[in-house]
Structures are given as structure tokens and as C-alpha cells.
Amino acid sequence: MRVLVTGASGFIGRNVLLRAPRDWEIVAVYHRTGSLEAFIAHHGLGRVRAVRCDLTSASEVAALAREAGQVDACLYLAANGDPAASSERPAWDLQMNTLALVTCLEQIRTGHFVYVSSGAVYDGLNGPVTPATPVAPRLPYAISKLASEHYLRAFAERRRTVGSFVNVRFFGAYGPYEPARKITTRWMRSVMDGQREFTLRGNGENMIDFMYVDDAVDGFLRLTASAGFSGTVDFASGAPISVNAVAQTMARVLGADVTLRHEGHTEEYIQFHSVDKTMAERFGIVPDITFEDGVRRLHEFLVHERDGQPA
């Protein structure tokens, strides 16, 4: 199977490369992170080829299409990785999330396309949600993700340059190789360094529905291999946790007593949760790594990283 993976140098992308079947031939697309080739060599990923490309550039994407050739599937991970920044930079966010995708769709033909959207499209809602729930997000990041879903469906149904497609409303993950600014890695490193007092934006009751990255990647790989299915699915852990509980659980796992303080407000205040069962019932994917277990795994990775040991 020949697969194009965009955003391959990012958090999810690196884990996809590590967990993908070894008989897949992967064209791993990256833009600014120059360490991807070294990462591929270090892990002995012989059937993975890194290709640099600015997905917002039509000429570069055309060159990518020629170099990649015919691909069986595309797993589209490339995106603005900082939703909160979209409030201050909506035009930039639209370019990163939507223009880049449309530029890619205009040049690349594939039998199956998996677009990693976001649970943020449910911005502003409360309670249970599914892909059938009417949405009207206000966060620019969520708006651009929703627009991208519509563009993918249009290219598949009207232009027919894409065979089957999946819009995956992904609720998030944590784990090795995530950006240092992410709450789990940032706080864990701080606790490891001796910090015992933390300030949270808002009241800390904002919900996070994320899963350990291995569970997330296994779901994305299953979807990538599922040509013929078209539709929109939610991909969530099913066990949302408050920001306060995240901090308290991490402290407990690391055996540390911490003090939490609260100030201001958060742009992305989430009080909804998905009840969509498609990932479980159709694809057999149910995240099963508990948050405590995931925190222990992330801690082990960060210890190895700090000590300069192979992860």
C-alpha cells in the first residue's frame, strides 16, 4: 500500500511513521522541521521517504504530486497546531488549515482520503454531540476545520478526484513527541524540575477529551486502510477529563504535591462530549489506555529523553 502522509514531522505524524505497517510505502511530507530525515534513519524506517513541501504553494504541491506518483491513500495531518492562536491570526489559520488542503486536493489524486478535522467544530455547544449535530463554531480554528470538511466532500462528490473519504473530528491526543507547549509535557517537565505551583487559565473545569497517542494512531491507520467508506466520524476517548483533574492526576502519578491557582479565562471552553459510536462499531477502534497509564508512559519517554537514552 502506498500512502501519502502530510504533517509527517509533527506530533501525530512521527507516531504514525513509527506504528504504520512495515509493508506500507509512505511518502512523508513535511515543511519546516528539518529533522524528519534523521528521525526516519534513526528508527530504521526503510520504506518511508521524506519530501519537503509547502502545501500552500501550488507549484510545490504540483511537484509533490509528480514525485509521489499514484498513491492508494492520503492521511492528511497538516494543520495549524495551535487553535488558540487562531483568535489573533484568523487569516493565517485559514491559510494553514483550509487553503493548504484545497491546494493539495487540486493537485493530488487518490482512491481514499482521510482528513483529520477537529472536535473543535462543536465549539459553543454543551452536552452530547455527534456528526449529525448542527454546528456553528465561532473559534476561527474550528471554522476553518469545518470548511475543510466541506471542501473534501465537494472534491470527492463533484470533482471525483478523490474516491472515498473520511472527515475525522479528532478530539486530541497526548504522548511522545508532542509540542513542548502542550499541557501534559509542559507540566510534567515542570514537576520533574521541582515546580509545585501551577496557574491555570479559567476555572480549570474546561474539559479535555484526549487519548494516548498510540490509541489515536491505531485509529488513523485503520481509517487509512478502510477505502470504500465515506463519511464524517468523531474520534474521542469517551472519557473527558477537566484541566484540574489532568494536573491532579499527573501530580499523583509522579508522587508530587501541587497547588493549583486560577486566573483569567480560556478561549476554548469545552463542555461537550461525543456520543458517536462509529469508530467502535464500524472500525473496532476503542481507546483503552487510561490517562494514568498514558501519563506513566509519557513520563518514561521524557526521562529517557532527558537522560539522552533511546526512546
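So here's what we get for this one:
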item	result
222 nm mean residue ellipticity, helices alone, for the chain (DSSP H n ≥ 4; -39,500 (n - 2.57); rounded to 500)	-10000 deg cm²/dmol
Vicinal HN-Hα couplings computed from phi for the stretch 46-53 (Karplus, 6.51 cos²θ - 1.76 cosθ + 1.60; Hz; Gly/Pro x)	x, 9, 10, 10, 7, 10, 7, 7
Calculated from backbone phi, Karplus (6.51, -1.76, 1.60) coupling profile of the stretch 203-210 in Hz, x at Gly/Pro	8, x, 8, 4, 8, 10, 10, 10
Loop-exposed trypsin sites (Lys or Arg not before Pro) per DSSP, neighbour cap 11 Cβ within 10 angstrom, longest uninterrupted part of the chain	197-311
Projected label distance in nm at Q248 and A58, using a 7 Å step from Cα toward the beta-carbon	5.5 nm
The stretch 1-69: Cα Rg divided by the 2.2 N^0.38 Å rule of thumb	1.04
Dipole of the stretch 129-288, positive end: most advanced residue of V275, N244, V168 [Cβ charges, Cα centre]	V168
Max mean-square fluctuation residue, GNM over the chain, Cα-Cα springs under 10 Å, options V102, V16, V121	V102
Fraction of alpha-carbon pairs over 22 Å apart in the stretch 191-298 - percent	44 percent
Distance (nanometres) between label positions extended 7 Å along Cα→Cβ at V135 and D23	3.6 nm
Most mobile of D209, D72, D193 in a GNM of the chain (Cα contacts under 10 Å)	D193
Beta bridge orientation in the chain: antiparallel %, DSSP, nearest 5	5 percent
Point-to-point label distance, H304-S226, nm (Cα→Cβ direction, 7 Å offset)	3.0 nm
Principal axis box of the stretch 113-200, alpha-carbon based, largest edge first, Å	57, 29, 21
P(r), alpha carbons of the stretch 248-304 - 5 Å bins starting at zero, rounded %	4, 13, 13, 14, 18, 20, 13, 6, 2
Separation of alpha-carbon centers, the stretch 102-164 and the stretch 214-235, rounded to whole Å	14 Å
All-pairs alpha carbon distance profile, the chain, 10 Å steps from 0, percent	6, 26, 36, 24, 7, 1
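Laboratory data are not the source of any read-out in this text; all were calculated from the coordinates shown. Worth saying up front: this structure is predicted, and the values here are computed from it rather than measured. In this analysis, Cβ positions are derived from the backbone assuming ideal geometry, glycine residues included, and neighbour counts consider all displayed protein chains.
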